[in-house]
1. For the pair Ala93/Val75, report the inter-label distance in nm, with labels modelled 7 Å from Cα in the Cβ direction.
2. I need the P(r) histogram for the stretch 37-113: all alpha carbon pairs, bin width 10 Å from 0 out to the longest distance, whole percents.
3. Hey, if you put +1 on the Cβ of every Lys and Arg and -1 on every Asp and Glu Cβ in the stretch 53-98, which of Phe78, Gln56, Val97 ends up farthest toward the positive end of that dipole?
4. Which value in Å does the Kirkwood hydrodynamic radius of the chain take, with 1/r averaged over all unlike C-alpha pairs and then inverted?
5. Over all Cα pairs of the stretch 63-154, how is the pair count split among 5 Å bins, expressed in % and running from 0 up to the last occupied bin?
Amino acid sequence: MKVLFVCMGNICRSPTAEGVFRHHVQLAGLQDRIQIDSAGTDDWHVGKSPDSRTRQAARRRGYDLDTLRARQVEVEDFRRFDLILTMDHDNLARLQVLRPADATAELDLFLRRYGVAGDVVPDPYYGGADGFEQVLDLIEQGSQALLTEVRERL
């Protein structure tokens, strides 16, 4: 099973989702059966580490995002991954336009798919520290539901 998380720049929400979900997958002992990655729809931060506030908030909860580097979504991702989960409607719309006719990946909003309150992970980039905590709260809930789905599909 291969899962890709997507946001705008790949420095806040999607790397948080990658790190949190990877952590839960490792705790479940499924790291050899599930591949996890994240990407952005824009190329502003390609090659950069996640935002320092993102890394700090994640570290306080036991998640290590330090080795992650931003990348941009590629058309091949629609064939390489089984499931592509976006953080908001704008990025979902961007991917729907980019999606090739022979795509095999399922594409959905991360939180909507799992019935987490609201259906978007808000972008914390221009806000305060509480926004990064809220992102973690939402992603932790979604990650638990995603792990349940993935276990059923394996």
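Read-outs throughout are calculated quantities, based only on the coordinates presented, and are distinct from any laboratory measurement. Source: prediction; values computed, not measured. All Cβ positions, even for glycine, are placed from backbone atoms using ideal geometry, and neighbour counts span all protein chains on display.
1. 2.3
2. Spelled out bin by bin, the stretch 37-113 gives 18, 43, 33, 7, 0 percent.
3. Gln56
4. Details: mean 1/r = 0.0660 Å⁻¹.
By the Kirkwood definition, the hydrodynamic radius is 15.1 Å.
5. 3, 12, 19, 22, 23, 16, 5, 1, 0
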